Amino acid sequence: MSDSVDEQMGLKEHLVELKHRLTHVLICLFATFAACYGVSETLMDLVMDPLRGQLDTDIPMIYISLPEVFFARLKISFVFALFISSPYLMYHLWSFVAPGLYQGERKIFLLFLVGSSVLFMMGGFFSYSFVMPLAFKFFIGFSGPGLDVLPAVQPYVSLVIKLAFAFGLAFEIPLVCILLVKLGAMSTEAMKKQRRWVFVGAFVTGAVLTPPDIISQVMLAIPVYILFEIGVFFAQRFEHDEEAETANG
């Protein structure tokens, strides 16, 4: 009877702590969102830069429905707020989960938490700095006599966010490979045997996560496969280190 009461008390305490941490995270996210919306015009200019660099100076961006720019700014503000407040969110997630983990599990969880955040931001930056300018330059190249480029704000913002998230997720692949090895779920030899399927899967992923055009799909598929090979390389290093430790132990 006492064990049941202790378990119920423990569960209640965990739920109270979870509510407490979620409240802090939501307040932080809302405050950050409000701050981002206050400078949403500047953020909008930042998001427009990859396209504006490929357009002639006399070509305007348009919006075809009255609330379009307002909702585009809301969307941009929320995405930036999510990125800015993510370290605080990760801190609360770590503080809530870590006490229930063993020492080895804490290291793996912390590696995943920090590594996934860094790699996701790297993927978004890669997309913004390299992929988007090249893709937009390619698309604008189809303009000509009778075909004027008049990009609309809302579709453009949605495209930028979609590409940034797609490449952010793709950059998680090396970390996933390392974690699979560290958790003993798969060996690097098994990964190497699946290379042909990974190559096919990379193009399927590109088709699912990017807009329906071959350029965006290829520009995601190729990095996905390269990131897989990078992941296998580093996972193999971890695998060899663990085998050496086991042999010495």
### Query
Which of MET186, MET48, MET219 comes first, and how do the rest follow, when ranked by fewest Cβ neighbours within 10 Å?
MET186, MET48, MET219
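Tell me whether the chain comes out rounded, prolate or oblate; compute the Cα gyration tensor, take square roots of the eigenvalues as a ≥ b ≥ c, and use a/c under 1.5 as the rounded threshold.
oblate
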### Message
Using the basic label-point model (7 angstrom from Cα toward the beta carbon), what is the TYR63 to HIS20 distance in nanometres?
### Response
4.2
### Summary
Under the helix-only model (-39500 (n - 2.57) for each DSSP H run of 4 or more, divided by the residues of the chain), the mean residue ellipticity at 222 nm, to 500 deg cm²/dmol, is -27000 deg cm²/dmol
### Task
May I ask you to derive the relative contact order of region 61-178, considering only C-alpha pairs under 8 Å and at least 6 residues apart, and to give it as an integer percent?
47
### Query
Which cross-chain or sequence-distant (5 or more) residues have an amide H under 5 Å from the amide H of ALA152, H modelled 1.01 Å from N in plane?
ILE62
### Task
Could you name the lysines whose alpha carbon sits less than 19 Å from that of LYS137, not counting residues in the same chain fewer than 8 places away?
LYS162
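Express the relative contact order of the chain as a whole percentage, based on alpha carbon pairs under 8 Å and six or more residues apart in sequence.
Working: 209 pairs, mean separation 51.0, N = 249.
Worked out over the chain, it gives 20 percent.
Under a point-charge model restricted to the Cβ atoms of Lys and Arg (+1) and Asp and Glu (-1), what is the dipole moment magnitude of the chain relative to its Cα centre, in debye to the nearest 20? Each step should come with its number before you reach the end.
Details: 16 positive and 22 negative charges, 57 e Å.
The dipole magnitude comes to about 280 debye.
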### Query
How far is the Cα center of region 163-234 from the Cα center of region 10-81, in Å?
28
### Per-residue Cβ neighbour rank within 10 angstrom, fewest leading, VAL149, VAL208
VAL208, VAL149
#### Entry: Gain in span if fully extended, ASP148 to SER117, counting 0.36 nm per residue against the direct Cα distance
7.2 nm
### Query
So what J values fall out for region 120-125 if you push phi through Karplus, 6.51 cos²θ - 1.76 cosθ + 1.60 with θ = phi - 60°, rounded to Hz, Gly and Pro as x?
5, 5, 4, x, x, 5
### Message
Just to verify a number: FRET efficiency for ASP49 and HIS240, C-beta to C-beta distance, R0 = 25 Å, to 0.05?
### Response
0.05
### Query
So which lysines can LYS193 reach, going by Cα to Cα under 22 Å and dropping same-chain residues fewer than 8 places off?
LYS182
#### Entry: Gyration tensor (alpha-carbon) shape descriptor, region 6-140, a/c threshold 1.5
oblate
### Task
Extending each Cα 7 Å along its Cβ direction at SER187 and PHE138, get the distance between those two points in nm, one decimal.
3.9
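Which order, highest average first, do 106-119, 127-140 follow once you tally other Cβ atoms within 10 Å for each residue and take the mean per peptide?
On the way: 106-119: 15.4, 127-140: 17.9.
By packing density, highest mean first, the sequence is 127-140, 106-119.
Bear in mind these aren't lab numbers, they're just calculated from the coordinates by the rules spelled out. Worth saying up front: this structure is predicted, and the values here are computed from it rather than measured. Note that each Cβ is placed from the backbone with ideal geometry, even for glycine, and that neighbours are counted across all protein chains shown.
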